[in-house]
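Below is one structure, written out as structure tokens; comments come after it.
The values are calculated or read from the model by the stated rules, or taken from the named source; none is laboratory data. What you are looking at is a predicted structure, and each value in this text was computed from that prediction instead of being measured. Positions of Cβ are backbone-derived with ideal geometry, glycine not excepted, and every protein chain shown enters the neighbour counts. We work out accessible area using only protein heavy atoms, side chains counted, and drop any ligands, DNA or RNA first. Shrake-Rupley method; radii C 1.70, N 1.55, O 1.52, S 1.80 Å.
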Amino acid sequence: MTRRYRIRGGVQGVGYRYFVRGTARRMNVRGWVRNLPDGSVEAEATAERDVLAIFEAELRRGPSLSRVDDFVAEEVSGREHGNFEVRH
């Protein structure tokens, strides 16, 4: 299963992308994360449904310096991902 996320709030300049990458790698989630010009963060993640549920809970929490105000998740199809990476 693959899901795309859009996270808004205080999520840039606080290590959020690297938090996401570290969490994904510990959980064997594949995909990517990147900052967007509007100050939000976007990610795509592929894993089993139950693993993604736990992963999403971590994304909603974020690192200690972050603040998540809005969290949108949608299922996407036809995606294959390798190791989780930070995109620039």
Inset, instruction - Could you tell me what percent of the accessible area of the stretch 38-88 is made up of carbon and sulfur, with a 1.4 Å probe and every protein chain present? - result: 44 percent
Legend entry - the chain: angle of helix 16-27 to the longest principal axis, Cα-based, in degrees nearest 10: 30 degrees
Inset, instruction - Please report, in debye to the nearest 20, how large the charge dipole of the chain is about its Cα centre when each Lys and Arg carries +1 at its beta carbon and each Asp and Glu carries -1 there. - result: 260 debye
Inset, instruction - Over the chain, give the accessible area per residue in Å² for a 1.4 Å probe, as an integer. - result: 57 Å²
Inset, instruction - Could you work out the Rg to Rh ratio of the chain, with Rh taken as the Kirkwood radius (inverse of the mean 1/r over all Cα pairs)? - result: 0.92
Inset, instruction - Using the Karplus curve 6.51 cos²θ - 1.76 cosθ + 1.60 with θ = phi - 60°, work out ³J(HN,Hα) for each residue of the stretch 6-14 in order, rounded to whole Hz, and write x for Gly and Pro. - result: 10, 10, 10, x, x, 10, 10, x, 10
Legend entry - Label point distance in nm, residue 18-residue 79, each placed 7 Å from Cα along Cα→Cβ: 2.4 nm
